[in-house]
Amino acid sequence: MPKATNRPPSDFIIRPDPSDTRLSTAVTGVDHEGKAVDLRVVSERPLTLFLNSQEIVTMMTIGDHPDLLAVGYLLNQGMLRPDDVITGIDHDDDLEVVIVRTERQTDYEEKMKKKVRTSGCAQGTVFGDMMDAFEDVDLAADARLKTSWLYALTHEINTVPSLYLTAGAIHGCVLCRQDRALVYMEDVGRHNAVDKIAGWMMMNRETAADKIFYTTGRLTSEMVIKTVLMGIPILVSRSGFTAWGVELARQAGLTLIGRARGKRFVALSGAERIEFDLDPDKIPDEDRKHRRKGSESSPVVEAAK
């Protein structure tokens with residue numbers, strides 16, 4: 001059995017910074033007993049995105065990584081191509097504006113006409129012609145997901161210090177390779193967190209075929225479409241599925257895993273990529289009162305002792 005267990009925590013390239021006071025706000029109130037309470041709540045602010053000289057959209061976001069959010073949004077909406085040359089990204093925090101400038105003259109006018117509102121929270125959108133690109137994607141058939149990797153990843157992601165643990169009311173998405181979490185993004189809308197990772201991948205020319213994508217949100221059609229268009233063959237969530245999300249995953253050959261908590265998970269598409277290399281009976285169930293809260297030792301590490 002591979003020892004994908006007794007290892008140090010991932011050296012995140014990007015990880016949440018719950019100490020960043022710009023991302024949450026201290027407020028006071030009263031609880032159910034009328035007692036005063038102090039807590040932090042997630043901040044959200046508008047960010048207006050321009051592509052060259054055209055205003056595209058105003059998004060509500062926590063405000064970190066505006067450059068990656070802008071690039072990822074444009075890429076996932078089909079307004080940027082993976083091979084586009086970005087000549088500059090200008091962000092004005094006071095004006096709450098980000099401008100992406102490209103070498104190629106873009107065709108955003110036609111794209112804007114095809115914009116369709118989707119089920120995602122906040123400003124999630126998808127363009128009708130994205131399905132044309134979706135059908136042309138050929139995901140890596142030789143990609144693999146070992147269950148030991150999955151157990152290690154879900155534990156680490158759910159226990160690493162994050163804005164969720166500080167203030168809640170936020171979604172997280174993580175780009176992973178094998179049992180290593182690489183880039184962890186959070187935002188008020190799950191699609192924003194996805195777009196930040198897509199932007200990071202484009203700006204760093206990161207390959208997708210060997211990656212695993214983890215999200216805290218539902219496995220909807222939008223999540224499946226974006227993951228497939230990014231070229232990532234495996235999508236994992238601790239949440240549930242929608243029927244169209246499952247249908248699209250099967251159509252694209254995407255490995256779709258939901259309800260990943262503790263030692264439990266359900267795969268509704270692409271199960272042939274999964275290698276069951278760790279006995280789930282050796283992994284403790286996730287304690288309800290500690291879900292996505294810190295613990296002193298990983299269940300995978302404990303199973304290996």
### Task
Can you tell me which residue within the stretch 212-246, out of those that are in a loop (DSSP other than H, G, I, E, B) and basic (Lys, Arg), is surrounded by the most Cβ atoms within 10 Å (Cβ to Cβ)?
ARG238
### Summary
Going through the stretch 74-102 in order, the residues found to be among the hydrophobic types (A, V, I, L, M, F, W, C) and assigned to a loop (DSSP other than H, G, I, E, B) are MET79, LEU80, VAL85, LEU95
#### Entry: Residue among ALA209, ALA252 that is crowded, with 19+ Cβ neighbours inside 10 Å and either touching a residue at least 40 places away in the same chain (Cβ under 8 Å) or not aliphatic (A, V, I, L, M) (or both)
ALA252
#### Entry: Residue ID - surrounded by the fewest Cβ atoms within 10 Å (Cβ to Cβ), chosen from residues in the stretch 146-189 that are of a type in the set (Gly, Ala, Ser) and farther than 26 Å from TYR73 by Cα
SER148
### Summary
Note: among ASP67, ASP93, ASP38, ASP83, just one is surrounded by 13 or more Cβ atoms within 10 Å (Cβ to Cβ), at pLDDT 90 or above and among the charged types (D, E, K, R), namely ASP67
### Residue pairs meeting the criteria (Cβ under 7 Å; at least 6 apart or on separate chains; first closer than 14 Å to ILE14 by Cβ, in the stretch 58-84; second crowded, with 19+ Cβ neighbours inside 10 Å and among the hydroxyl-bearing types (Ser, Thr, Tyr))
LEU69/THR61
### Query
From the list ALA181, ALA169, ALA209, which residue is part of a loop (DSSP other than H, G, I, E, B) and more than 18 Å from MET59 (Cβ to Cβ)?
ALA209
### Task
Only one of these is modelled with pLDDT of 90 or more and over 16 Å from the mean Cα position of the chain (by Cα): THR154, THR147, THR166, THR220. Name it.
THR147
#### Entry: Residue pairs meeting the criteria (Cβ under 6 Å; at least 6 apart or on separate chains; first closer than 15 Å to ALA169 by Cβ and without any contact (Cβ under 8 Å) to a residue 24 or more places away in the chain, in the stretch 23-39; second hydroxyl-bearing (Ser, Thr, Tyr) and surrounded by 10 or more Cβ atoms within 10 Å (Cβ to Cβ))
THR25/SER43
### Task
Give the residues of the stretch 103-144 that are assigned to a loop (DSSP other than H, G, I, E, B), modelled with pLDDT of 60 or more and out of contact with any Leu (no Cβ under 7 Å at 6 or more places or on another chain), sorted by residue number.
GLU103, ARG104, GLN105, ASP107, ASP129, ASP138, ALA140, ALA141, ASP142, ALA143, ARG144
### Query
Restricting the search to the stretch 1-35, which residues are modelled with pLDDT of 90 or more and of a type in the set (A, V, I, L, M, F, W, C)?
PHE12, ILE13, ILE14, LEU23, ALA26, VAL27, VAL30
### Task
Can you tell me which residue within the stretch 252-291, out of those that are in a helix (DSSP H, G or I) and at pLDDT 90 or above, is farthest from PHE213 (Cα to Cα)?
GLU272
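Does the stretch 217-230 hold any residues that are touching a helix residue (DSSP H, G or I) at 6+ places or on another chain (Cβ under 7 Å) and either of a type in the set (Asp, Glu) or more than 17 Å from ALA141 (Cα to Cα) (or both), and which are they?
GLY217, LEU219, THR220, SER221, GLU222, MET223, ILE225, LYS226
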### Query
ILE197 passes all but one of (1) under 12 Å from the mean Cα position of the chain (by Cα); (2) under 14 Å from ALA143 (Cα atoms); which number fails?
(2)
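The values are calculated or read from the model by the stated rules, or taken from the named source; none is laboratory data. The model shown is predicted, which means the values in this text are computed figures rather than measured ones. Note: ideal-geometry Cβ built from the backbone for every residue, glycine included; neighbour counts use all protein chains shown.
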